[in-house]
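Below is one structure, written out as structure tokens; the observations come after it.
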Amino acid sequence: MNAKISVGVMVLVSAGLLAGCGSSATGASGSSSTVTIVSLRATSGPTASLGVPGNNALETEVKAINAKGGLLGKKIVLKIINTQGSPDQATNDARQAVLDDHAVALFGGVSSGDLAYTEEVAAKYKTVLFSYTANDAVFTRTKAYTPYFFSIVPSTLMEPMAVARLFKKEGWTRIYTISPNYSFGHAEVSGFLSALKQLGVHYTLLGEQWPALGASNFTSNISAILSAHPQAVFGGIYGSDLETFTKEAVGYNFFKKTHFAAQYGAIDMQALEGSLPVGAIGFARGGWWTLNSPQVKSWAKQYDSTYGSYPSSYSMLGTMAFQSWVYAVKKEHSFDSSKLINVLPGATISTAFGNMTIRGCDHQAEIPEYVGALSNTNSPYPFGTYNPEYTEPASKILPACPTGQ
């Protein structure tokens, strides 16, 4: 994957900051010809394959809107900061974005660990923050909730529910799980098991594996899973970890011995090529490859032409997050976050991938989870994909609104 980020969108804006509020930057008040938005994502390390494509999507959108004269008469400057997937780094980077770069909007992060600290900064300085990759439901449903946060990605309650519904349909009750050993990984498994219970599935949990994020070898995990003889395995691993796991598992005939469901997205399907486990279940938060739309196909091919690979789910969701911010800015005719948080909740936004509503009670976008069996035939793209035969609409997987919000 081409990780190149255009230098043209990374320049800093020299603008004064009014005390205590990122959304009150000089650029937002009208005395500057530009406004800055900041993307806080890991672009190195094990989650880079998630971070870079999302940045590319923002870059593409910024270039397109600037080519048409900008937004409210101002050119948008996109600054990209590599958080390296570190919570401490994310905290410092988020403060820099608001206090030094005068960001009027933040986009990030990749892991729930760094997003937690970014959200705290966004709340403190009253700056809108859009997450379109990290999806831990804690950010919209607990004391961590802030009205400045918007989740443009299916949460760790929505995604597991979609997969649990599939397990119920297929009658898979002897199950095993493997997920990374940090907050997201545990939330994903907990959400999946809770969803099975909600659906009335009487399952037997044969075991759990908790490899470290960025593990280089999964052979012991694979052996432990196979020795338990599960009907199906729920995989919370993702990105380069999932690709490594898959290549190693093929050598054990893993996918012929059990059913496996995991986050196989476009980047993974491109990277795996000959190792694609045909028949395994893929689920994705932004399955653009399942949308039979000329506009989406054109977008994907243009992305490939620009960046040397097809987009990821997070390219799609990043585009939708940016278009949500643009919608609010135009609606309020302002870059002021304190105004944008009044118009985004409950809004139905037209995006390149269809209409999307942001729920008013918790700022969770009503987005489906795209689910299907991996296949290397009949793909309109030069890599194996999957048809959305198991895709679950938001109405089937959204939890009830949290109390007190």
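The values are calculated or read from the model by the stated rules, or taken from the named source; none is laboratory data. All values reported here derive from a predicted model rather than from experimental measurement. Using ideal geometry, Cβ is built from the backbone for each residue, glycine included, and neighbour counts are taken over all protein chains shown.
Listed values, structure above:
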| quantity | calculated |
| --- | --- |
| Test set (1) in a helix (DSSP H, G or I); (2) modelled with pLDDT of 95 or more; (3) buried (at least 18 other Cβ atoms within 10 Å of the Cβ) - K63 fails condition number | (3) |
| Sole residue being in the same structural domain as L50 (by TED's automatic domain parsing), β-branched (V, I, T) and over 18 Å from the mean Cα position of the chain (by Cα), chosen from T258, T306, T319 | T306 |
| Count of residues meeting criterion [over 15 Å from A224 (Cα atoms), part of a helix (DSSP H, G or I) and in contact (Cβ under 8 Å) with a residue 60 or more places away in the chain] in region 244-267 | 2 |
| Every residue from region 236-245 that is surrounded by fewer than 24 Cβ atoms within 10 Å (Cβ to Cβ) and out of contact with any Phe, Trp or Tyr (no Cβ under 9 Å at 6 or more places or on another chain) | S240, E243 |
| Among (1) closer than 26 Å to K79 by Cβ; (2) assigned by TED's automatic domain parsing to the domain that holds G171; (3) at pLDDT 95 or above, the one test that Y264 misses | (1) |
| Spans of helices (runs of 4 or more DSSP H) in region 302-405 with at least 2 residues at pLDDT 95 or above, under 20 Å from A123 (Cβ atoms) and hydrophobic (A, V, I, L, M, F, W, C) | 313-332, 337-343 |
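Every residue, every condition in (1) crowded, with 24+ Cβ neighbours inside 10 Å; (2) in the same structural domain as S32 (by TED's automatic domain parsing); (3) not in a strand (DSSP E or B), yes or no:
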position	(1), (2), (3)
D93	yes, yes, yes
Q96	no, yes, yes
L106	yes, yes, no
L115	yes, yes, yes
A123	no, yes, yes
